[in-house]
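Just so it is clear, none of the values below were taken in a lab; they were calculated from the coordinates. These numbers were taken from a predicted model, which means no experiment stands behind them. Don't worry about glycine lacking a Cβ; one is built from the backbone with ideal geometry, like all the others, and counts go over all protein chains shown.
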Amino acid sequence: MSGSLPGQNTSDSSAASTASASSDTGSANESSTSSEPVKGSRDNSIRCLVPEADGSLLLSNDVAQIDYSHTGDGYISVKYTGTVPIIKLRITGPDEEVYTYDLKTNDYEVFPLTGGNGQYTVAVYENIEGTQYAVAMSELIDVQVEDELTPYLYPNQYVNFTKDSAAVKYASELVYSANSDIEAVELVYDYIVNNITYDKAFAESKPTNYVPDIDTTLSTQKGICLDYAALMCSMLRSQGIPTRLEIGYAADAYHAWISVHIEDKGWVNGIVEFTGDTWQLMDPTFGASTNDEALKKFIGDGTNYTLQKIY
């Protein structure tokens, strides 16, 4: 494995250069070799599931298409083909939780079905003027997800990644030395909280329809809570680790965090600090805080967190 990650301490590369320059002394090569990470026993290959809209189960009219061929995998694909510039998608699951999205392209976009098995209402709305919308299409879809973990392995509009994403490739490097999924989670978490800076200015001015771009977060090394969560979620999903992006409130602050599914342990909610035998509630945004005591007091035992949406 070679190359450096964005935000990596440049003193490491300087030290390596110094060691190389002094290799004639006979000891530098040994030092350089010993600093190389050792491959862990865990497979760090990229494992990105690819959503499909193959049309085998399709609902459509003049302006919209809903491909529900893969509801068993926990997602649908929706495409708007009309001419109205502002389009909303609303998905209401059997849990009666309403998810509202902006359709941002004229191609298929992927949306998760996280409300459990049952009947979903999927509706496309065209903007008439101001805050007024008209229903362009509305359909009922019966959903039976075959594996409850699968929806949290696929990309979607909020957790958007492919095998070619820079963040996915870096995730594979980050977990190179991991011997287990737990170690992989810790390595990704440590990288994010030590390198990504919270963007207070953007947090105060972000648009209401903001959707994260994980490669932008990785390259700029800054973001808001949704960026932290989406980046970590994408990295872990691309490593075959089921991960939920969760949105709600931490105390009275609107916030995003993640939960991870670990084999033999189940869902670890609000993650990510592992003490050796138990997990303590943390999340990648607050994990970047330098005030640990204030952080632990704020997070508490998890009761400060109120979950609203899962992506």
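Could you tell me the distance between the Cα centroids of segment 210-271 and segment 59-125, to the nearest Å? That distance is 22 Å. Across segment 65-137, the relative contact order, built from alpha-carbon pairs under 8 Å that are at least six residues apart, equals 31 percent. Each other residue within a Cβ distance under 9 Å of Lys309 adds +1 if Lys or Arg and -1 if Asp or Glu, for a net charge of -2.
Spin-label model, Asp147 to Val211: label points 7 Å out along the Cα-to-beta-carbon direction sit 2.6 nm apart. Across segment 89-97, computed HN-Hα scalar couplings (Karplus, 6.51 cos²θ - 1.76 cosθ + 1.60, θ = phi - 60°) run 10, 10, 10, 10, x, x, 7, 6, 6 Hz from first to last residue, x flagging Gly and Pro.
Going by amide H atoms built from the backbone, whose H comes under 5 Å of the H on Phe161, apart from near neighbours? The answer is Asn156. Close amide H pairs (under 5 Å, H built 1.01 Å from N) link Leu103 with Ile87, Lys88, Leu89, residues at least 5 positions away or on another chain.
Out of residues 5 or more away from Asp199 or on other chains, whose amide H comes under 5 Å of its own, with H placed 1.01 Å from N in the peptide plane? Under 5 Å from the amide H of Asp199: Gly223, Ile224. The label point for Asp102 and the one for Thr81, both projected 7 Å from the Cα toward the Cβ, are 2.5 nm apart.
How much length is gained on full extension from Leu140 to Asp54, taking 0.36 nm per residue of separation minus their Cα-Cα distance?
Numbers: separation 86, 0.36 × 86 = 30.96 nm, distance 1.94 nm.
29.0 nm is the gain from fully extending Leu140 to Asp54.
On full extension, the segment bounded by Ala166 and Gln308 gains 48.1 nm, given 0.36 nm per residue less the C-alpha separation. Using a cut-off of 12 Å between beta-carbons, work out the net charge of the residues near Ile262 (Lys and Arg +1, Asp and Glu -1, Ile262 not included). Spelling it out: positives minus negatives among the neighbours equals -4.
For a Förster distance of 35 Å, can you work out the FRET efficiency between the beta-carbons of Thr121 and Asp190, rounded to the nearest 0.05? The value I calculate is 0.25.
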